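S.K.: Would you mind keeping the following structure in view while I ask a few things?
The values are calculated or read from the model by the stated rules, or taken from the named source; none is laboratory data. The shown structure was predicted, so the numbers you read here are calculated from the model rather than taken from an experiment. Glycine gets a Cβ as well: all are built from the backbone with ideal geometry, and neighbour counts include every protein chain shown.
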Amino acid sequence: MDPTSLLLPNSLQNAAVLTIVLAFAGYLVTFLSSRMLARRTDMLKLVNMRLNEFYGPLYVASQAGNIAYRSLLKKQGKTQSEPILDSEMKEWVLWMTTIFMPLNDIREKIIIEKAYLIVEEQMPHCLLDFVTHVVGYKAVLSKWAEGDYSERRSTIGWPPEFDSYVTRSYNALKAQQTHLLHGSAWQIYHRLFGRKRG
């Protein structure tokens, strides 16, 4: 009896078991990587929606409003709008009705209609405060339309944390979008070589 004939079935069995284990491991790796890719795709889709439909437009409207507000103050030689003097009232009404309120209306509409895209689980107070600030100005503008200029500003003040919230959220989502689009290898490359240019 040849001793190699006894070993041959064992080595065939080992090869068969190894093939099955490798096939299963390959399937498992494929399944897990497909699942991770699907999750990454879903997360990227959500981040893109938040940027395109909520935080992006909110950020642009807020930046435009801030630039316009600083421009008006510079034109008037002031560092803050209060008090609004009688001599400044005509220009204040013009800027409020043609620049500030249209931008406020855009932001208010975004907040009300796209609230489901907010990153936090609870509605941030600064967004609610902003909407109530705008509602207060709508009452003021209605009085102005009737010729009553006794009120010059909304009785509900501008929420001081609104602009920083919008900027912070926008920047965080842009960073998350970049990470999801480019992955870890690109991040490492960018950190090592990206800053050395220029």
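S.K.: Taking the residues in the range 75-105 that are touching a residue at least 12 places away in the same chain (Cβ under 8 Å) and polar (S, T, N, Q) as candidates, determine which candidate is surrounded by the fewest Cβ atoms within 10 Å (Cβ to Cβ).
M.R.: Out of the qualifying residues, it is T97.
S.K.: Being closer than 19 Å to L94 by Cα and in contact with a Lys or Arg (Cβ under 9 Å, 6 or more places away or on another chain) is the filter here, so list the residues in the range 122-140 that pass it.
M.R.: Across the range 122-140, the qualifying residues are V134, G136, Y137, V140.
S.K.: Please list, ordered by first then second residue, the pairs with beta carbon atoms under 7 Å, 6 or more apart or interchain, first in the range 153-167 and more than 14 Å from I111 (Cα to Cα) and free of Cβ contacts under 8 Å to residues at least 40 places away in the same chain, second of a type in the set (S, T, Y) and buried (at least 18 other Cβ atoms within 10 Å of the Cβ).
M.R.: The qualifying pairs are S154/Y137.
S.K.: Name, by its number, the condition in (1) hydroxyl-bearing (S, T, Y); (2) surrounded by 17 or more Cβ atoms within 10 Å (Cβ to Cβ); (3) at pLDDT 95 or above that does not hold for S154.
M.R.: If we test S154 against (1) hydroxyl-bearing (S, T, Y); (2) surrounded by 17 or more Cβ atoms within 10 Å (Cβ to Cβ); (3) at pLDDT 95 or above, just (3) comes out false.
S.K.: Determine which member of the set I84, I20 is at pLDDT 70 or above, out of contact with any Ser or Thr (no Cβ under 6 Å at 6 or more places or on another chain), not basic (K, R) and not in a helix (DSSP H, G or I). Full working, then the answer.
M.R.: Values: I20 fails: not in a helix (DSSP H, G or I).
Answer to the check: I84.
S.K.: Could you list, in sequence order, all residues of the range 106-134 that are free of Cβ contacts under 8 Å to residues at least 24 places away in the same chain and β-branched (V, I, T)? Working first, answer last.
M.R.: Initial filter on the range 106-134 (free of Cβ contacts under 8 Å to residues at least 24 places away in the same chain): 109, 112-113, 115-116, 120-123, 128, 131.
Hits for the range 106-134 are I112, V131.
S.K.: For the range 106-152, give me the residue count where each residue is within 23 Å of F54 (Cα to Cα) and in a helix (DSSP H, G or I).
M.R.: So the first thing to find is which residues in the range 106-152 are within 23 Å of F54 (Cα to Cα), and the list is 106-138.
Okay, now just the ones that are also in a helix (DSSP H, G or I), so 106-113, 115-117, 125-138.
Residues meeting the conditions: 25.
S.K.: Pairs needed: first member in the range 37-64, under 14 Å from Y116 (Cα atoms); second member anywhere, part of a helix (DSSP H, G or I) and among the β-branched types (V, I, T); C-beta distance under 8 Å; at least 6 residues apart or different chains.
M.R.: Between residues of the range 37-64 that are under 14 Å from Y116 (Cα atoms) and residues that are part of a helix (DSSP H, G or I) and among the β-branched types (V, I, T), the close pairs are E53/I110; F54/I110; Y55/V166.
S.K.: Which of the residues spanning the range 159-184 are among the hydrophobic types (A, V, I, L, M, F, W, C) and surrounded by 13 or more Cβ atoms within 10 Å (Cβ to Cβ)?
M.R.: Step one: list which residues in the range 159-184 are among the hydrophobic types (A, V, I, L, M, F, W, C), which gives 162, 166, 172-173, 175, 180-181.
Across the range 159-184, the qualifying residues are F162, V166, A172, L173, L180.
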